[in-house]
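The values are calculated or read from the model by the stated rules, or taken from the named source; none is laboratory data. If you're wondering where the values come from, they're calculated on a predicted model, not measured in any experiment. No Cβ is skipped: glycine too gets one built from the backbone with ideal geometry, and neighbour counts run over all protein chains shown. Ligands, DNA and RNA are stripped out before the accessible areas are found, and what is left, the full protein with its side chains, is counted by its heavy atoms. Shrake-Rupley method; radii C 1.70, N 1.55, O 1.52, S 1.80 Å.
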Amino acid sequence: MADDRKLAFAPFATPAKGVLIMFCEEGLKFGPASRKALAPTGDLVQRAAADDRFTGKSGRGLDIVAPAGLPVARLVILGVGKAGKLKAHDFVKLGGAAMGKVPTSAGEATIFAELVGGALKPDQAAEIALGTQLRAYVFDRYKTKRKEGDEPKASPQITIAVANAAAARKAWEGAHQPVADGVIMARDLINEPANVLYPEEFARRAGALKKVGVAVEVLDVPAMKKLGMNALLGVGLGSRRDSRVVIMRWNGGKKSDAPLAFIGKGVCFDTGGISIKPAAGMEDMKGDMAGAACVVGLIHALAARKAKVNAIGAIGLVENMPDGNAQRPGDIVKTMNGQTIEIINTDAEGRLVLADVLHYVNTKHKPRFMIDLATLTGAIIVALGQEYAGMFSNDDRLCDRLTKAGLATMERVWRMPLGPEYDKMIDSKFADMKNTGGRFGGSITAAQLLARFVDKTPWVHLDIAGTALGSPQNDINKSWSSGWGVRLLNQLVADHYEK
Ligand code: BES
Ligand code: MN
Ligand code: ZN
């Protein structure tokens, strides 16, 4: 990934060709290097801005093709509004917006990383770089034909001009590139079709994390049988593809520190099983492993930037298919911790997978906390739409921290309720519990089932059905899968668990 990325940091200099991108603050105010580079153009920018009523407001841009006085093909000015207010994520977005101004036919683009106050800090320049790389992502590996006007395979060479290029490169390589790679890894996994990415293949790809120093352990079907993971295994019964659980471990902290645990739902395809889903839109269920993909991307990011923390990633990989061997409504399964679940609807499969993985991680690794991510319910999309993920938890402090990390990364979470009145709704006539709680509060009753498998460990469940798939398009994402959660959880770890 890092190899085919064309990204460089260099001192300020007017490029000989391609696209030159500068930022300007409200009132058409530029930084010193930009002013110097624009000197040969006279009042060109002022005249163009007046004609376009461009004043440097945030979100607006000015495109000047073949700017007289400059050797470049195109000069782009991006408004940032009042720069005093800019936070880390604003620079990421600016990088994305800048990349959006680079025509795909352009061979190269140079971004002047400065504001009125002068060159950006190395971290800020690296945040711009992160934005360019997330924006540039396309999943086109299955396109064999290219029409005229289609995006060329080769992406433009991007140069970030900044005062201290070496420090910016160091910030990029040490902190931001690992995150960019993690997000892109997650997006790739989610976009991949289910005939290619089935549990065993997913496990193989997670094995690539060994290259960055992660210990990867794979549980196959006999191993899971031995452990008694019958809820997870029950979901996979109708599939020709064997189920897997993958445990990734990054040890960057002290030996004695309990690990942070991240758990992902990895349903490589969800037909609904015997309670089969309607045909319309079912193709999206190739993305029902987005939680697992996020966990892999996150563990990659933590390991690649050598985070000073111990972290576990655990993913339950299954395929939910209808078949003569598939489990039926009415079936009762016994989970790894000895509780019994009556299957009411085979389409409520994610919670069955997570129940066993949560219990396994909790008892085997005694984590400091557990955070699970799952495209668990359609109901969370009805409740929150696609901007916020649903957050369910037994721990207020962890919720506060995640809420703040969400606002910092704009991967936002909204807390939903849990409680004994909801818990009752999944009591079963025949078993300890049933896997659905009826029409009302569907996301909550799903979370209540998970809560029965986490004991007293601080735990958060993130229902990402709305945020992970068919993601809203924005400055830093043009992909069907956003890779939601990698940046959020990386921020949480960086803010609180590496000291
Ligand atoms: N994977 C789905 C949830 C989902 C729906 C994710 C839409 C992304 C987009 C999950 O396994 C499921 O089918 N949930 C059911 C639960 C119901 C049967 C209780 C649902 O939400 O309808
Ligand atoms: Mn389902
Ligand atoms: Zn599902």
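At a glance:
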item: Answer residue from the stretch 202-219, given it is under 21 Å from G287 (Cβ atoms) and of a type in the set (K, R) and is surrounded by the fewest Cβ atoms within 10 Å (Cβ to Cβ) among those; result: R204
item: Filtered residue count, the stretch 347-406, keeping only those that are part of a helix (DSSP H, G or I), within 16 Å of ligand 2 (Cβ to nearest atom), open to solvent by 10 Å² or more (accessible area, probe 1.4 Å) and more than 10 Å from H461 (Cβ to Cβ); result: 3
item: Flag for D284 being out of contact with any helix residue (DSSP H, G or I) (no Cβ under 9 Å at 6 or more places or on another chain), open to solvent by 40 Å² or more (accessible area, probe 1.4 Å) and within 18 Å of A374 (Cα to Cα); result: yes
item: Which numbered condition D90 fails, given (1) open to solvent by less than 20 Å² (accessible area, probe 1.4 Å); (2) under 25 Å from A180 (Cα atoms); result: (1)
item: Number of the exception - D347 against (1) closer than 22 Å to R241 by Cβ; (2) more than 13 Å from ligand 1 (Cβ to nearest atom); result: (2)
item: Selected residue (only one of G84, G95, G27 is within 30 Å of K404 (Cβ to Cβ) and surrounded by fewer than 19 Cβ atoms within 10 Å (Cβ to Cβ)); result: G84
item: Among the candidates G281, G228, residue that is of a type in the set (G, A, S) and over 25 Å from the mean Cα position of the chain (by Cα); result: G228
item: Single condition D270 does not satisfy, out of (1) more than 16 Å from ligand 3 (Cβ to nearest atom); (2) among the charged types (D, E, K, R); (3) closer than 21 Å to A186 by Cα; result: (1)
item: From R204, R135, R244, residue being within 20 Å of C294 (Cβ to Cβ), at pLDDT 95 or above and out of contact with any helix residue (DSSP H, G or I) (no Cβ under 8 Å at 6 or more places or on another chain); result: R204
item: Options G234, G264, G272: the member that is within 16 Å of ligand 2 (Cβ to nearest atom), touching a residue at least 24 places away in the same chain (Cβ under 8 Å) and under 11 Å from I315 (Cβ atoms); result: G264
item: Residues (closer than 14 Å to N345 by Cα, open to solvent by 10 Å² or more (accessible area, probe 1.4 Å) and touching a strand residue (DSSP E or B) at 6+ places or on another chain (Cβ under 6 Å)) located in the stretch 428-460; result: S428, K434
item: Residue list for the stretch 48-69, restricted to those being open to solvent by less than 20 Å² (accessible area, probe 1.4 Å) and assigned to a loop (DSSP other than H, G, I, E, B); result: F54, G56, P67
item: Matching option when the condition is within 18 Å of I343 (Cα to Cα) and away from ligand 1 (no atom under 16 Å from the Cβ), among L302, L260, L233; result: L233
item: All positions within the stretch 292-308 that are open to solvent by 10 Å² or more (accessible area, probe 1.4 Å) and either free of Cβ contacts under 8 Å to residues at least 24 places away in the same chain or over 22 Å from L219 (Cβ atoms) (or both); result: A304, R305, K306, K308
item: Candidate set: the stretch 149-201, residues that are open to solvent by 30 Å² or more (accessible area, probe 1.4 Å) and at pLDDT below 95; chosen: the one nearest to the chain's Cα centre (by Cα); result: S155
item: Residue within the stretch 247-264 that is small (G, A, S) and under 20 Å from E201 (Cα atoms) present; result: yes
item: Filter result (open to solvent by 10 Å² or more (accessible area, probe 1.4 Å) and either assigned to a loop (DSSP other than H, G, I, E, B) or among the acidic types (D, E) (or both)) within the stretch 461-470; result: A465, G470
item: Test: residue in the stretch 113-124 that is at pLDDT 95 or above, assigned to a strand (DSSP E or B) and under 21 Å from N164 (Cβ atoms); result: yes
item: Residues within the stretch 323-350 that are under 30 Å from the mean Cα position of the chain (by Cα) and away from ligand 3 (no atom under 12 Å from the Cβ), tallied; result: 2
item: Candidate set: the stretch 279-313, residues that are β-branched (V, I, T) and outside any helix (DSSP H, G or I); chosen: the one nearest to ligand 2 (Cβ to nearest atom); result: I312
item: Search result, residues across the stretch 278-322 that are within 16 Å of ligand 3 (Cβ to nearest atom) and under 26 Å from R169 (Cα atoms); result: C294
item: Residue that is within 20 Å of V296 (Cα to Cα) and either without any contact (Cβ under 8 Å) to a residue 24 or more places away in the chain or among the acidic types (D, E) (or both), where the choices are D423, D463, D475, D396; result: D463
item: Answer residue from the stretch 270-281, given it is of a type outside the set (D, E) and near ligand 1 (Cβ under 9 Å from one of its atoms) and is surrounded by the fewest Cβ atoms within 10 Å (Cβ to Cβ) among those; result: G281
